[in-house]
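> Submitted below is the structure of interest, expressed as structure tokens.
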Amino acid sequence: MVAPKKLYDLPFSGNGYKVRLALAQLGIPVAYEVVDFQKGETRAPGFLAKNPMGQIPVLELTDGTYLRESNAILYWLAESTHLMPADALSRARFVQWAMFEQNHIDKVIGRARFLRAYPEFRPTTEEDFAGWLNEGNQALAIMEADLAGRAFFAGERYSIADICLYGYVHCAAEGGFDLARFPRVSAWIGRVSDQPRHILMSDAAGAP
């Protein structure tokens, strides 16, 4: 049976954290290898053979397959588990939120957080951050509206849709975002953190 074997990741990464959280909540132990972009390790030939995009995370399977793109990894991990949305419409909502997350959360909130932490990575201005703040707040407002009358984002129970959004949203303050403006989102963050086998972003290895 094909199973997860090793996760190539960087502890700071929200995309990597999504995978670590899912692994931990599914009780799946894996080997863990840090791939440090600051040392050029994501551009090394050995890593590019695993992911030609030069990005983490990458999940290695026991048959030698390498899975890339965090939300695709989440979908594979959740198959036939309690983390997969229960019905076709809820699964479609996961896809909807996964696309939203990559375009409006990762590339906006995640980018602002990353460049606050690593300003040497590329030149940025306060005008850049102001633009990300505006776009990120619009995305958070959409999430806030969707949570009216519901606890989670795809169906009636916690799922990979929540994990995929939580990765960068829960630490949005590190990018300059005020989550107090979004009380439903803040309450949802609390519900996610209360889930069984929840781990912190700082728990780099993720799985038990």
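> On the basis of being within 19 Å of the chain's Cα centre (by Cα), at positive phi and assigned to a loop (DSSP other than H, G, I, E, B), does G64 make the cut?
So G64 does not fit the description; no.
> Can you name the residue in the range 2-23 that is in a helix (DSSP H, G or I) and either over 12 Å from the mean Cα position of the chain (by Cα) or small (G, A, S) (or both) and, of all such residues, is nearest to I109 (Cα to Cα)? Working first, answer last.
Let us first name the residues in the range 2-23 that are in a helix (DSSP H, G or I), namely 14-23.
In the following step, the residues that additionally are either over 12 Å from the mean Cα position of the chain (by Cα) or small (G, A, S) (or both) were identified as 14, 16, 22-23.
Working: G14: 10, G16: 15, A22: 21, L23: 24 Å.
Among them, the one singled out is G14.
> If you don't mind, another one. Whether any residue in the range 166-183 is closer than 23 Å to A22 by Cβ, touching a helix residue (DSSP H, G or I) at 6+ places or on another chain (Cβ under 8 Å), assigned to a loop (DSSP other than H, G, I, E, B) and modelled with pLDDT of 95 or more is what I want to check.
Yes, there is a match, as at least one residue in the range 166-183 is closer than 23 Å to A22 by Cβ, touching a helix residue (DSSP H, G or I) at 6+ places or on another chain (Cβ under 8 Å), assigned to a loop (DSSP other than H, G, I, E, B) and modelled with pLDDT of 95 or more.
> Name every residue in the range 24-61 that is in a loop (DSSP other than H, G, I, E, B), in contact with a strand residue (DSSP E or B) (Cβ under 8 Å, 6 or more places away or on another chain) and closer than 28 Å to F121 by Cα, in order of residue number.
The initial filter retains those residues of the range 24-61 that are in a loop (DSSP other than H, G, I, E, B), namely 27-30, 35-36, 40, 44, 49-57.
Going one step further and asking which of them are in contact with a strand residue (DSSP E or B) (Cβ under 8 Å, 6 or more places away or on another chain), we end up with 28, 30, 35, 50-51, 53, 55-57.
Listed by number, the residues that qualify are V35, K50, N51, M53, Q55, I56, P57.
> Follow-up question, since we're still on this one. Residue by residue through the range 37-63, note down the ones that are open to solvent by less than 30 Å² (accessible area, probe 1.4 Å) and over 19 Å from S80 (Cα atoms).
Matches in the range 37-63: T42, F47, N51, G54, P57, V58, E60.
> For the range 101-124, enumerate the residues that are surrounded by fewer than 18 Cβ atoms within 10 Å (Cβ to Cβ) and either outside any helix (DSSP H, G or I) or hydrophobic (A, V, I, L, M, F, W, C) (or both).
Correct list: A117, Y118, F121, R122, P123, T124.
> Within the range 41-87, can you find the residues that are of a type in the set (A, V, I, L, M) and under 23 Å from N103 (Cβ atoms)?
M53, I56, V58, L59, L67, A72, I73, L74, L77, A78, L83, M84
> Please go through the range 1-26 and pick out each residue that is of a type in the set (G, A, S) and open to solvent by 30 Å² or more (accessible area, probe 1.4 Å).
A3
The values are calculated or read from the model by the stated rules, or taken from the named source; none is laboratory data. The structure displayed is predicted, hence computed values, not measured ones. Note that we place each Cβ from the backbone using ideal geometry, even for glycine, and neighbour counts take in every protein chain shown. Note: accessible area is taken over every heavy atom of the protein model, side chains too, but ligands, DNA and RNA are not part of it. Shrake-Rupley method; radii C 1.70, N 1.55, O 1.52, S 1.80 Å.
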